[in-house]
């Protein structure tokens, strides 16, 4: 997956056409809520299996592969909590995709990025607790982002099913970056609550359409996913629980400094791009924020998110900066054409 290239003009043209026809950016979500459409969009069904041309044909897996267009593919997974107030985040991201791609491609010099987008809900209360697209280098990942169902529920227990992201990354992805070059991809989840402690056998079968041998803890899933992925959880400080110590401590136990506090969720695109830029280039937070053209409160907020990560060990060298004051199983499913 991941052919073609991002086209900012096509993105702008599509947005203009939607505006002219009064079509919402997240039209599919509205159709589901109105009853005129039903079920997860086909492009986001986690039960989808690899097609006949794939060496993993018939398996429930998303693939990031090298191609003539992108000979050194770098996979990026971005999964967003769409429960409650967090349902606005994909909408914010969708308006900033050109900025995201500009920083990653132009500023960081990563020509072969392949982005997969998706949504996380709550397996205990939601109809659509996990939606996940394909790795794409062109405008198809915008189409998939706009096909997410913004369910907006959640169970009110201060926990969501973030662990599904780690199950997905560990068992349902295959990347040439890792297989050919030993290069980890990037996995970002974002939300404002803590993770459920376990992914159950029943949840795996219901969501991914495959059999699991046993329930698995979030710790185990993170450990397995970290073998091939640089994992971050972006915590929304303007969400529902910014001062909940138990939530923050739990994430810090699981991810350490890669539990990243985001002061302003409207800057989620900039934080993702900045983290990738910083880790790939090993530049410090000041330089990355400068490269992104951020100033004032926006620059401060993004730098505050980047510095703690930059002060830890990075893939190349240690970035620095001072904080401003302020297994792939077989299974049935839907084959991608």
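Data overview
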{"item": "Matching residues, segment 151-197, being more than 23 Å from residue 92 (Cα to Cα) and at pLDDT below 95", "result": "155, 156, 157"}
{"item": "Residue that is nearest to residue 206 (Cα to Cα) [pool: residues in segment 57-68 that are within 23 Å of the chain's Cα centre (by Cα) and outside any strand (DSSP E or B)]", "result": "60"}
{"item": "Search result, residues across segment 24-56 that are over 21 Å from the mean Cα position of the chain (by Cα), more than 12 Å from residue 147 (Cα to Cα) and surrounded by 13 or more Cβ atoms within 10 Å (Cβ to Cβ)", "result": "33, 51, 54, 56"}
{"item": "Scope segment 188-220; condition under 23 Å from residue 262 (Cβ atoms) and in a helix (DSSP H, G or I); matching residues", "result": "218"}
{"item": "Filtered residue count, segment 289-305, keeping only those that are within 13 Å of residue 259 (Cα to Cα) and out of contact with any strand residue (DSSP E or B) (no Cβ under 8 Å at 6 or more places or on another chain)", "result": "0"}
{"item": "Residues (out of contact with any strand residue (DSSP E or B) (no Cβ under 6 Å at 6 or more places or on another chain), in a loop (DSSP other than H, G, I, E, B) and within 24 Å of residue 274 (Cβ to Cβ)) located in segment 167-187", "result": "183"}
{"item": "Residue among 105, 92 that is within 17 Å of residue 273 (Cα to Cα), assigned to a helix (DSSP H, G or I) and out of contact with any strand residue (DSSP E or B) (no Cβ under 9 Å at 6 or more places or on another chain)", "result": "92"}
{"item": "Output for segment 300-337, where each listed residue is modelled with pLDDT of 95 or more and either over 21 Å from the mean Cα position of the chain (by Cα) or surrounded by fewer than 18 Cβ atoms within 10 Å (Cβ to Cβ) (or both)", "result": "300"}
{"item": "Hits in segment 137-161 (condition: over 23 Å from residue 32 (Cα atoms) and buried (at least 23 other Cβ atoms within 10 Å of the Cβ))", "result": "137"}
{"item": "Test for residue 260: is it in contact with a helix residue (DSSP H, G or I) (Cβ under 9 Å, 6 or more places away or on another chain), surrounded by 19 or more Cβ atoms within 10 Å (Cβ to Cβ), at pLDDT 90 or above and closer than 22 Å to residue 92 by Cβ", "result": "yes"}
{"item": "From the options 56, 74, residue that is at pLDDT 95 or above and under 19 Å from residue 139 (Cα atoms)", "result": "74"}
{"item": "Some residue of segment 8-23 being within 22 Å of residue 267 (Cα to Cα), touching a strand residue (DSSP E or B) at 6+ places or on another chain (Cβ under 9 Å) and at pLDDT below 95", "result": "no"}
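The values are calculated or read from the model by the stated rules, or taken from the named source; none is laboratory data. Remember, it's a predicted structure, so these values are computed and weren't measured experimentally. Heads up, the Cβs are rebuilt from the backbone with ideal geometry, glycines too, and the neighbour counts pull from every protein chain shown.
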